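**Q** Structure incoming, see below.
The values are calculated or read from the model by the stated rules, or taken from the named source; none is laboratory data. Since the model is a prediction, treat every value here as computed from it, not as a measurement. Every residue, glycine among them, receives a Cβ derived from its backbone with ideal geometry; neighbour counts consider all protein chains shown.
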């Protein structure tokens, strides 16, 4: 049993402790330590001190003893504590990094925290810290495709030129089809969102057919001319071109940015273009659909209106798409293109060089 600790405070120490307690900028841990000593100096018992400062008996005893040994300065200083573990050596950290970027585990396509920890002989939290420090995320992968179009530079310059320097007295329309949009009806009704729980919907569904959305995005003001059709052959594309001809100002040339889908190059389409000289096609490079701004619009309508929608028929799906287009065109907002053709081609060249290095390293 510990005996009672007697503390006598000289006027200087008492004034210093009282200033610590009254100063609003004092750290709270220093405030309650100072109060422990002040109450002890006023001959307050240990149990009463515990109740007033909200600390345990060993804590009160510890800081009484610290004051007796080191004075007021001892209350303001925390003694260093060892981590209990040795820091990882540079060699171990380098080994983790080398394995992460240069090797694969024997029975998996990528490293996890625990497989790497087992392979190197350290804790998985240590692996997590190393990966976080170097921005490594082995569980994620991004997809890419470099275009092999022999006219890549020419087509990139052509399309980007329309975005950055559109011709006078002309409309620039980004055109494509979003095909096979499914009218999906869930087999059971979902549960609404509430605090602590996201909204729910069943993973299984009933198919009620598909539709194709033909869309032309005006790159100047962000408006979209759209039309849903059952199929996406050259016949449907020709109908959509006639719609664009009807709904655009006759005095303006129309520059259409399209991909290399065979429908866009059909003989009937070429024949129609010859009869309508104000229409001009600009083809994106192969495997470079990201150059077509309407793809960004397709991503938005999918996210906002289609992916989580419930449609009991194709007409219901098409009505939802038409409603989305109408509301979008009430407050359109164009996508702002900033990348130059030179910067895009520079990135393509660097990616090709990186692929060459990878192939040479694997051979």
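**Q** If you go through the stretch 60-69 one residue at a time, do you hit one that is exposed (fewer than 11 other Cβ atoms within 10 Å of the Cβ), free of Cβ contacts under 8 Å to residues at least 40 places away in the same chain and in a helix (DSSP H, G or I)?
**A** There is at least one residue in the stretch 60-69 that is exposed (fewer than 11 other Cβ atoms within 10 Å of the Cβ), free of Cβ contacts under 8 Å to residues at least 40 places away in the same chain and in a helix (DSSP H, G or I).
**Q** Mind checking which residues of the stretch 261-278 are out of contact with any strand residue (DSSP E or B) (no Cβ under 6 Å at 6 or more places or on another chain) and either outside the structural domain of residue 208 (by TED's automatic domain parsing) or crowded, with 16+ Cβ neighbours inside 10 Å (or both)?
**A** Passing the criteria: 261, 263, 266, 269, 272.
**Q** Next question. From 217, 213, grab the single residue that is within 13 Å of residue 171 (Cβ to Cβ) and either assigned to a helix (DSSP H, G or I) or assigned by TED's automatic domain parsing to the domain that holds residue 328 (or both).
**A** From the options 217, 213, the qualifying one is 217.
**Q** Moving on. Based on this model, can you work out whether residue 312 counts as modelled with pLDDT under 95, closer than 29 Å to residue 156 by Cα and in the same structural domain as residue 227 (by TED's automatic domain parsing)?
**A** Here the answer is no, as residue 312 does not meet what is asked.
**Q** Could you check, for the stretch 332-349, whether at least one of its residues is surrounded by 10 or more Cβ atoms within 10 Å (Cβ to Cβ) and more than 27 Å from residue 287 (Cα to Cα)?
**A** Yes; the residues of the stretch 332-349 include at least one that is surrounded by 10 or more Cβ atoms within 10 Å (Cβ to Cβ) and more than 27 Å from residue 287 (Cα to Cα).
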